[in-house]
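Have a look at the structure below, then the notes.
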Amino acid sequence: MKERIMFVPLLMAMLTMSCTWYNPKAPATSNSGASILLLPRSSIFDIGKMPQGTIGFTASINNEGTTTITIAHPSICLPADYKQGELRHFHDSHGKSEILLKITKPDGTDIFLRDGYLHYFDPGNVPLITIPPNGTGTFDVGWFFPNARGRWEQDDEAAKVFLMKGRYSIRILLRNVFPKAALYDENTGKSKFTDVWTGELESAEVSIEVK
């Protein structure tokens, strides 16, 4: 059956620019026995190619536990007691279920980018990543160039974040406290809930250089 995200009324609330980042100097832990790595496409990038979107990263989640885990995109995760049709705003999830990218620029300033609210995991536009024991699941982290709309809440910030020459430090944080995800089946016209992973994962810091 073909499935797509059910856009429950989580959405279209006023978005906030503030971010909470727990213990940024040490990787966070999770009861799931999972870990996450952030892998850049390259360690060195040419600033002249920034408008073509050359900078990008892959997030790799390793399931170190003994059972299969299902990671849902935070934009479709809901509390256990959620009732269908209940009004929820997207910013209700901030600090609870979200993907954050922390970027330290060459001048020492920090930028926090939060994944957008109308998105799947790339590539493949999938809402869920299922990872067996000792397995790995990956998704793309990117879109840092002009006119790349919708990937981030702060598209304008993302378009300019790597336009300074020098060395950058980046880390990713994935967290979810909501134990179910909402999906919509196009064949039946009905929505359903599926149980998903909860926890918090933080990558080690990686560095890239823009010349």
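The values are calculated or read from the model by the stated rules, or taken from the named source; none is laboratory data. Note that the structure is predicted; figures quoted are calculated from it, not measured. For neighbour counting, all protein chains shown are included, and Cβ atoms are generated from backbone atoms with ideal geometry for every residue, glycine included.
Observations on the structure shown:
- Scanning region 64-80 for residues that are surrounded by 14 or more Cβ atoms within 10 Å (Cβ to Cβ) and hydrophobic (A, V, I, L, M, F, W, C) turns up I69, I71, A72, I76, C77, L78.
- Residues located in region 81-103, provided they are surrounded by fewer than 19 Cβ atoms within 10 Å (Cβ to Cβ), modelled with pLDDT of 70 or more and closer than 30 Å to E205 by Cα: D92, H94, G95, K96
- Candidates in region 47-56 are the residues that are among the aliphatic types (A, V, I, L, M) and over 23 Å from L173 (Cβ atoms); of these, the one that is surrounded by the fewest Cβ atoms within 10 Å (Cβ to Cβ) is I47.
- Boolean, I111 is in contact with a helix residue (DSSP H, G or I) (Cβ under 8 Å, 6 or more places away or on another chain), buried (at least 17 other Cβ atoms within 10 Å of the Cβ) and touching a residue at least 24 places away in the same chain (Cβ under 8 Å): yes
- Count of region 177-202 residues which are of a type in the set (G, A, S) and over 17 Å from P127 (Cα atoms): 2
- Residues of region 61-78 that turn out to be assigned to a loop (DSSP other than H, G, I, E, B), touching a strand residue (DSSP E or B) at 6+ places or on another chain (Cβ under 8 Å) and of a type outside the set (G, A, S), as a count: 3
- Neighbours by Cβ (under 9 Å, 6+ apart or cross-chain): first from region 46-57, aromatic (F, W, Y); second in a loop (DSSP other than H, G, I, E, B): F57/R41; F57/G142
- A single member of I61, I44 is modelled with pLDDT of 95 or more and surrounded by 21 or more Cβ atoms within 10 Å (Cβ to Cβ), and it is I61.
- Considering residues of region 135-175 that are polar (S, T, N, Q) and at pLDDT 95 or above only, the residue nearest to T104 (Cα to Cα): S169
- Search result, residues across region 164-201 that are at positive phi and within 22 Å of the chain's Cα centre (by Cα): G199
- Flag for I99 being in a strand (DSSP E or B), among the β-branched types (V, I, T), within 18 Å of G53 (Cα to Cα) and touching a residue at least 60 places away in the same chain (Cβ under 8 Å): no
- Of the set (1) modelled with pLDDT of 85 or more; (2) assigned to a strand (DSSP E or B), all apply to R4 but (1).
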